[in-house]
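Asks: Take a look at the following structure, please.
The values are calculated or read from the model by the stated rules, or taken from the named source; none is laboratory data. Here the structure is a predicted model, which is why all the values come from computation and not from measurement. Ideal geometry is used to build each Cβ from the backbone, glycine not excepted, and the neighbour counts take in all protein chains shown.
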Amino acid sequence: MRKLLFAVAAAAFALAPAVAQAQSPIVIKFSHVVANDTPKGKGALKFKELAEKYTDGKVKIEVYPNSSLYKDKEEIEALQLGSVQMLAPSTAKFAPLGIKEFEALDLPWLFKDDATYSSAMKGTVGKWLFQKLEAKGISGLAYWDNGFHMVSSSRPLTKPEDFKGLKFRISGSKIADQYFRILGAIPQIMAFSEVYQALQTGVVDGCENTASNYLTQKFYEVQKDITVSYHAHLQYAVIVNSKFWSGLPPDIRTQLEKAMADATEYTNQIAHQENEDALAEIKKAGKTQLHYLTDADRKAWQEAMRPTYAWAKGRVGQEVLDLVAKELDVKMN
Ligand code: LMR
């Protein structure tokens, strides 16, 4: 009897690691550079909640916000190496991979409003751009919205000539580089996590970003003047390591795709209001002066930045410009 008990206990002991292994969830690390309390931050947490629910806990999503795992440039390299499985970089950050076409989305005054942006990305343009990522071992799952850029500095920016000589931090897009240069400013690429300090210490004079990022990164505390210009759009591509994603059990992947579709709808629905609320909070804090463009100012900015479109042809290529023009029913050149 004792012998039998021993045998049963020994067998159970031997099996334990295998059982534990069979039950241990698939871990997906989801890294991003913004705060939790932003459209992207909330979208990532919503995806976590839904993915874990829909897969009955078979998948665990670890969300790393605020560049806590990787900074801008490193995160895409880490995704390709498989050290992280999911990201949501702004589309401006694909250029170092040699994929410049996404930058067409950064053209100034391109999207009329969030709805126009959203429907464009659901159509041909969005799919065409995602195909460009496949050769790099990256698959695109969804586009997330974060509304329109404001621009700020230590002096008011309401006329094109106000930009002259000022150093601006940009996130990576050569289109942004170009429109700032056209205005006589000096653009400089810098990681998102370094912007606050660069503004505070005067390494750069100004930057552009959305209200939710200005608020949560406290940029408004170190910028005397913000212009609510909404001159360009900030959008994200939610991406995964292709090999990891295609290697998932099909039933799990289906549930994750459903979680992503639902989280995308949620994120794109809240983005506009989140930015409005953030702007109201910045205003309430009273630390910075907000400026708004008159119709004449806006027209002057649009005219001044217009050469960016002709320049873009040599940078992003005619094909994507044609696709965007068709989708939005606008003229590009
Ligand atoms: C930036 O670098 O300014 C943005 O890409 C940050 C963000 O919202 O991801």
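Asks: Select from the stretch 251-297 the residues that are aliphatic (A, V, I, L, M) and within 30 Å of Lys218 (Cβ to Cβ) and list them in ascending order.
Replies: Ala263, Ile270, Ala271, Ala278, Leu279, Ala280, Ile282, Ala285, Leu290, Leu293
Residues are listed down the side, and each one gets a yes or a no for (1) modelled with pLDDT of 95 or more; (2) of a type in the set (Gly, Ala, Ser):
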residue: Pro39; (1), (2): yes, no
residue: Ala44; (1), (2): yes, yes
residue: Lys48; (1), (2): yes, no
residue: Glu52; (1), (2): yes, no
residue: Ala78; (1), (2): yes, yes
residue: Ser90; (1), (2): yes, yes
residue: Ala95; (1), (2): no, yes
residue: Leu105; (1), (2): yes, no
residue: Met150; (1), (2): yes, no
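Asks: Related question: Inside the stretch 200-220, can you point out the residues that are among the β-branched types (Val, Ile, Thr) and more than 9 Å from the ligand (Cβ to nearest atom)?
Replies: Correct list: Thr201, Val203, Val204, Thr216.
Asks: Give the number of residues within the stretch 278-288 that are in contact (Cβ under 8 Å) with a residue 24 or more places away in the chain and either assigned to a helix (DSSP H, G or I) or among the aromatic types (Phe, Trp, Tyr) (or both).
Replies: So the answer is 5.
Asks: So which of Ala312, Ala304 is in a helix (DSSP H, G or I), over 25 Å from the mean Cα position of the chain (by Cα), surrounded by 18 or more Cβ atoms within 10 Å (Cβ to Cβ) and aliphatic (A, V, I, L, M)?
Replies: Ala304
Asks: Another one. I'd like to know if the stretch 51-71 contains one or more residues that are free of Cβ contacts under 8 Å to residues at least 60 places away in the same chain, assigned to a helix (DSSP H, G or I) and either surrounded by 21 or more Cβ atoms within 10 Å (Cβ to Cβ) or aliphatic (A, V, I, L, M) (or both).
Replies: Within the stretch 51-71, none of the residues are free of Cβ contacts under 8 Å to residues at least 60 places away in the same chain, assigned to a helix (DSSP H, G or I) and either surrounded by 21 or more Cβ atoms within 10 Å (Cβ to Cβ) or aliphatic (A, V, I, L, M) (or both).
Asks: Give the residues of the stretch 68-99 that are among the small types (Gly, Ala, Ser) and either at positive phi or within 14 Å of the ligand (Cβ to nearest atom) (or both), sorted by residue number.
Replies: Residues satisfying the conditions are Ser68, Gly82, Ala88, Ser90, Ala92, Ala95, Gly98.
Asks: Can you list the strands (runs of 3 or more DSSP E) lying wholly within the stretch 205-273 that have 1 or more residues being closer than 28 Å to His149 by Cα and touching a Gly at 6+ places or on another chain (Cβ under 8 Å)?
Replies: 233-241
Asks: Also, quick follow-up: Looking at the stretch 167-183 only, could you name the residues that are in a helix (DSSP H, G or I) and either modelled with pLDDT under 95 or within 12 Å of the ligand (Cβ to nearest atom) (or both)?
Replies: Selection gives Ala176 alone.
Asks: Taking the residues in the stretch 265-301 that are surrounded by fewer than 16 Cβ atoms within 10 Å (Cβ to Cβ) and of a type in the set (Gly, Ala, Ser) as candidates, determine which candidate is nearest to Ser154 (Cα to Cα).
Replies: Within the stretch 265-301, the match that is nearest to Ser154 (Cα to Cα) is Gly286.
Asks: Which of the residues belonging to the stretch 23-50 are small (Gly, Ala, Ser) and either more than 16 Å from the ligand (Cβ to nearest atom) or surrounded by fewer than 24 Cβ atoms within 10 Å (Cβ to Cβ) (or both)?
Replies: Once the filter is applied, which keeps residues that are small (Gly, Ala, Ser) and either more than 16 Å from the ligand (Cβ to nearest atom) or surrounded by fewer than 24 Cβ atoms within 10 Å (Cβ to Cβ) (or both), the stretch 23-50 yields Ser24, Ala35, Gly41.
Asks: If you don't mind, there's one more thing I want to ask. What do you reckon, is Ala115 away from the ligand (no atom under 15 Å from the Cβ), closer than 21 Å to Glu75 by Cβ and of a type outside the set (D, E, K, R)?
Replies: Taking the combined requirement at face value, the residue does not satisfy it.
Asks: Applying the selection to the stretch 219-259, what residues are charged (D, E, K, R) and buried (at least 17 other Cβ atoms within 10 Å of the Cβ)?
Replies: Asp225
Asks: Give the number of residues within the stretch 139-177 that are farther than 30 Å from Ala44 by Cα and surrounded by fewer than 22 Cβ atoms within 10 Å (Cβ to Cβ).
Replies: Residues flagged as farther than 30 Å from Ala44 by Cα and surrounded by fewer than 22 Cβ atoms within 10 Å (Cβ to Cβ) within the stretch 139-177 amount to 12.
Asks: Sticking with this structure for a sec: Looking at Gly172, Gly202, Gly184, which is the one that is more than 28 Å from Asp295 (Cα to Cα) and without any contact (Cβ under 8 Å) to a residue 40 or more places away in the chain?
Replies: Exactly one of Gly172, Gly202, Gly184 is more than 28 Å from Asp295 (Cα to Cα) and without any contact (Cβ under 8 Å) to a residue 40 or more places away in the chain, namely Gly202.
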